[in-house]
Amino acid sequence: MARLYNYGPHRKTISRHMAKYLCFFVSGIIIISFLSAVAVYSVNFIKKAVEHTSRNSSEMLVHEYSLVSKYLYEETCSELKQFSKSREFSACKTHKQRLDWFTSHLNQKPDFFNNIGYATLDGDAITANNVNLNISDRDYFKEIVSGQKIESIHGPYVSRATGETVVIASQGVFNLDGTLQGVMFCSIKLSTLAMLTEKLDIKNDGRFFIVGDEGKFLCHYDTRYLGEKYVPTDSKFREFDSEFFFKSRRGIYETLSSENREIQVYLEAIEKTPFTCGITVDKKRMYFSYSQFKIVIIIVVIITVMLICLLTYISTLFLNMTTRHESYYDSLTNLWTRPKFEKEAQTMLDKYRGSRFVLIEMDFRGFKFINQSFGAEEANKVLVEFSKVLLDYCKKTSALCGRGYADHFYMISKIDSVNVFLEDLDDVVQSFEEALAPLELPAHPKYGITFVLPERKFYNQNKTVIDLIGEASYAKGTIKENILQTYAIYSSLMAETIEKEQRIERHMEKALDRGEFYVMYQPKISLIDDKIKGAEALVRWNSSNPKLGELSPGDFVPVFERNGFIVQLDFEVYEMVFKFLREQINLGNPVVPISVNMSRNHSNPDKFVKEFVNRFSKYDLPPELIEIEILERASEGDAYNLIRVTEKLHQYGFSVAMDDFGSGQSSLNMLNEVPIDVLKFDQNFLRRQSVKTDHQKMITTLIELGKQLNKKTLFEGVETEEQRDMLKQLNCDQVQGYFYSKPLYEKDFIQFVKQHS
Ligand code: C2E
Ligand code: CA
Ligand code: CA
């Protein structure tokens, strides 16, 4: 039994959700990228801002310090001037007198002077602590004596008077006539300088320093470097040593501190002196706020990413919930979907095992027609209205229902007995019809019914809900066009048919290989002279399977049409016919044209004709011996195919007949368009039980129509003399029917041809 699943809508839901996920994913990536870009940009921006501010403030600071240092120097100079300008001192002629003067004036000396001294022009000097020494080699002396300067300062030196590390400032002492008499000098201990500069506070952990002669430090936060030079240990920065600073005197350099920290050094020359002052800025400290900001940004980005993940997770949960809802509930009718119905119905079957159930599958007659003629909106109204009444009914009877593909509905219910159920059935069906009536649409439901009856072997309780749906569906499929038949109940006869069909399907291919199919020929008789004018080839199957036995096309052709095997079989039949004709000609027997049937399954006219001609050409037969019977088709596309196949067959010289004309689907329009040669009227025209005169009128019209259109006319199913006479009177060209002959085995047919030609 065919188990029909339709995964179409489900797949659509999945892809829709995939799209949603993708949207989330992509927008997440976009947001994260955007945030990261903003973060990177702001971090860089802040870094630059930090650098800029630090640079500005450091430049200003070092400038301030150089000014302060200059003032200190100027102050030193003015203090020294006090001494050098003293008349008494100028009057001193010997170092002894000068020493006495120093001793008596020592209390007037500023505190930061460590020592004072005086040197004659040849460099011989006396200091306040009574040391005789010569300073002719000292720069601060030479600059004054040479007249380059009137004030000077140099250092650091190891004092020749005290042995301490000092800087020494000097001043010219002049006679009244303005000539240089000697040089007054004072020393300031580096430790005193340190005290002075200690008060200078530098932010960012920076340090202040002064480089003196040869790059030796006058001021340095690390006292070990006082009076010493500094060379960075790292080779990368080695050139930026204190001697370099001494020489360059201004600028900004990056180097390594004595504590091996990366620093920026800002230098500025102290005016009027050979000294350079500088400050250092610790880079790590400088970037401290920036790196803190960076951390904040990174944390913000991480939190945002986590939030996005969380949001995505929540949305996924939400989506899953809606997906579940969508896969459980049909969006149009809000009934359960088929998978959900199957699940719940199976649970019901399992839960109440041993009880009786009815399962119904429902759909509408010609729903496609409602859709095409009234539009999807109207068709949907039918479905919605029907689902309402169905749900109402289910609520009242504790039944379950659901909607499947298109107009398919399902219902399962526990029942007390089949009889009680059937008693109510007509009323229920009637009430459903009435509920749909206000829509004023040709909406007529049909029902396929099956049961679970534990006491009956046939309706046994071991079937799953899918088996039951299959049974109900099959039953529904047997409902005929007759509008009075609204439901069909799955029966043992149907089960046998299904079984037989399955058996047919299992054996068909082997049967073909074993040559179990054969052809019978039914003569076509001319009504003018009662002679045979042709025959129709009709296939038969003599199965080697005892359960199948001798089969007529009514048993297997519909099955082959469903599974497509008819295409293969048709060509086999054609070959049997061609072969038969060839043999008869070879034997010198009389032959008549044979018509063969073409199934509706041949959907490609070109392919069909190609294969047909391919097989035909092997037998070297005149094409006039072959006629092809084609069937009416419903749609316009089919009409095109009919025209095409007919025209192509004509090209090869074959004749074409329209089989079962008037059986329903074709329009007169089509008859006009398709250039067929023969009209084979449907057997039903002869079987209709209408008033005799009306009946005759109709047949008269049909034959006239054929003549008008220049077609040969043929009636099939002529069983009685009366029918034959009537058709003869109406000038019908040929007849085919039991009255003249049933379909005949080959050998009987050969005899028939011999006798009737
Ligand atoms: P069809 O093409 O309309 O064939 C005519 C059917 O009417 C044949 O039934 C024939 O035996 C039957 N018949 C002929 N005269 C009378 C009569 O006076 N009274 C009654 N009651 N029946 C009559 P058959 O052989 O059982 O074939 C049934 C159908 O199977 C055919 O209807 C045709 O549609 C299909 N068929 C048969 N052979 C082939 C074939 O080789 N290929 C295809 N595609 N279909 C075939
Ligand atoms: Ca036929
Ligand atoms: Ca026919």
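The values are calculated or read from the model by the stated rules, or taken from the named source; none is laboratory data. Everything numeric here is computed off the predicted structure, so don't read it as measured data. All Cβ positions, glycine included, derive from the backbone under ideal geometry; neighbour counts span all protein chains shown. Note: accessible area is taken over every heavy atom of the protein model, side chains too, but ligands, DNA and RNA are not part of it. Shrake-Rupley method; radii C 1.70, N 1.55, O 1.52, S 1.80 Å.
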Per 10 Å bin, what is the whole-percent P(r) computed from every C-alpha pair distance within the range 501-756?
-> 7, 30, 36, 23, 5, 0
Paramagnetic reach from Lys692 in the range 716-745 [backbone N under 12 Å; point 7 Å along Cα→Cβ] = 722-723, 726
Once you sort the root eigenvalues of the Cα gyration tensor of the range 336-490 as a ≥ b ≥ c, which label holds: rounded (a/c under 1.5), prolate (a/b larger than b/c) or oblate (the other case)?
-> prolate
What length, rounded to one decimal in nm, is gained on full extension from Glu75 through to Asp122, with 0.36 nm per residue of separation minus their alpha-carbon distance?
-> 14.2 nm
The range 411-539: relative contact order from alpha carbon pairs under 8 Å, six or more residues apart, as a whole percent, is 15
Within the set Lys680/Lys728; Lys189/Lys284; Lys85/Lys109; Lys457/Lys547; Lys712/Lys747, which residue pairs have Cα atoms separated by over 25 Å?
-> Lys189/Lys284; Lys712/Lys747
Cβ-based charge dipole, the range 66-181, positive-most Cα from Cys92, Phe113, Val166 = Cys92
Leaving out same-chain residues fewer than 8 places away, which lysines sit with a Cα under 22 Å from that of Lys368?
-> Lys12, Lys381, Lys388, Lys446, Lys476, Lys480
Percent antiparallel among DSSP beta bridges (both partners in the range 501-756, rounded to 5) | 40
Asserting the computed 222 nm helical MRE of the chain (DSSP H runs at least 4 long, -39500 (n - 2.57) per run, divided by residue count, to nearest 500) equals -16000 deg cm²/dmol
How much net charge surrounds Asn115 when only other residues with a Cβ under 15 Å from its Cβ are counted (Lys, Arg +1; Asp, Glu -1)?
-> +2
Along the positive direction of the dipole of the range 365-461 (beta-carbon charges: Lys, Arg +1; Asp, Glu -1; about the Cα centre), which of Leu422, Gly402, Pro438 reaches farthest?
-> Gly402
Given unit charges at Cβ for Lys, Arg (+) and Asp, Glu (-), the dipole magnitude of the chain about its Cα centre in debye, nearest 20, is 1720
From the square roots a ≥ b ≥ c of the eigenvalues of the alpha-carbon gyration tensor of the chain, which class results: rounded (a/c under 1.5), prolate (a/b over b/c), or oblate?
-> prolate
Taking every DSSP bridge whose two residues both lie in the chain, the antiparallel percent to the nearest 5 is 75
Within a Cβ distance under 9 Å of Asp555, other residues only, what is the Lys/Arg minus Asp/Glu net charge?
-> 0
Low-density loop chymotrypsin sites (Phe, Trp or Tyr not before Pro), the range 125-171, at most 12 other Cβ within 10 Å, DSSP non-H/G/I/E/B, are none
Find which of Ala472, Ser387, Pro339 sits farthest along the positive direction of the dipole of the range 336-490, computed with +1 on the beta-carbon of Lys and Arg, -1 on that of Asp and Glu, about the Cα centre.
-> Pro339
Per residue, how many Å² of accessible area does the chain show with a 1.4 Å probe?
-> 52
For the chain, what relative contact order do you get, as a whole percent, if you take Cα pairs closer than 8 Å and at least 6 residues apart?
-> 8
List the chymotrypsin sites (Phe, Trp or Tyr not before Pro) within the range 703-757 that fall in a DSSP loop (any state other than H, G, I, E or B) and whose Cβ has at most 11 other Cβ atoms within 10 Å.
-> none
For Phe217, what is the net charge nearby, where nearby means another residue's Cβ is under 13 Å from its Cβ and Lys, Arg count +1, Asp, Glu -1?
-> -2
